[in-house]
Amino acid sequence: MDTVFLIEDLIDALALDSTLSSHPIVKHVSHPDQITEIFDRISYAKGASVIRMLEGFMGEENFREGVKAYLINFQFRNAETNDLWSCLQRYSTVDKNIPHVMDTWTRQMGYPVLTVTQAGDTITLTQQRFTADQNASYDPN
């Protein structure tokens with residue numbers, strides 16, 4: 001199952017999200033016609049990958065309990081993204097703010113690449129958005 005997920009979803013998500021034409025998974029819409037525009041391969045592949053990452057971060061049992069609580073709480077109501085994160089936060093034993101962590105993955109396009117350099121006794125970490133075209137310029141603002 002892990003191999004199938006890797007081949008069918010994760011690699012696809014990384015490839016799609018490395019383009020400048022990518023978009024965040026969570027996006028505000030002001031007109032119903034915009035809804036269909038945000039449900040595409042990026043949303044589904046990256047969405048599945050991010051949820052899988054969160055399950056690994058929280059642990060399978062805690063994650064499932066949080067999802068179960070979310071489904072029960074919102075079975076006959078509308079829900080927003082933060083409703084899911086809040087339910088998962090209640091079942092998380094990890095000392096991190098789940099909504100904040102997940103917003104960085106779902107409300108921004110792309111994914112980070114960390115670079116580690118060492119000069120003498122100094123180690124420097126830098127982070128930037130990965131793009132498939134290394135000559136492309138990306139302004140996150």
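Out of the residues in the range 1-24 that are at pLDDT below 85 and in a loop (DSSP other than H, G, I, E, B), state the one that is farthest from residue 105 (Cα to Cα). Don't jump to the end; show me each part of the working.
Step one: list which residues in the range 1-24 are at pLDDT below 85, which gives 1-23.
Adding the requirement that they be in a loop (DSSP other than H, G, I, E, B) leaves 1, 18-23.
Values: 1: 23, 18: 13, 19: 16, 20: 16, 21: 16, 22: 13, 23: 11 Å.
Among those residues, the one meeting the criterion is 1.
Pick out the one residue from 45, 79 that is of a type outside the set (S, T, N, Q), more than 14 Å from the chain's Cα centre (by Cα) and surrounded by 13 or more Cβ atoms within 10 Å (Cβ to Cβ).
On the way: 45 fails: more than 14 Å from the chain's Cα centre (by Cα).
Exactly one residue qualifies, and that residue is 79.
Take the conditions part of a loop (DSSP other than H, G, I, E, B) and not β-branched (Val, Ile, Thr) and apply them to residue 78. Does it pass?
Working: part of a loop (DSSP other than H, G, I, E, B): yes; not β-branched (Val, Ile, Thr): yes.
For residue 78, the condition - part of a loop (DSSP other than H, G, I, E, B) and not β-branched (Val, Ile, Thr) - is met.
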- Candidates 126, 106, 117, filtered to the one that is within 21 Å of residue 18 (Cβ to Cβ) and either touching a His at 6+ places or on another chain (Cβ under 7 Å) or free of Cβ contacts under 8 Å to residues at least 24 places away in the same chain (or both): 126
- Query: Residues in the range 63-79: is at least one within 24 Å of residue 131 (Cα to Cα) and free of Cβ contacts under 8 Å to residues at least 24 places away in the same chain?
  - Reply: no
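The values are calculated or read from the model by the stated rules, or taken from the named source; none is laboratory data. Since we're looking at a predicted model, the values are computed, not measured. Counting neighbours? That spans all protein chains shown, and the Cβs are built from the backbone with ideal geometry, glycine included.
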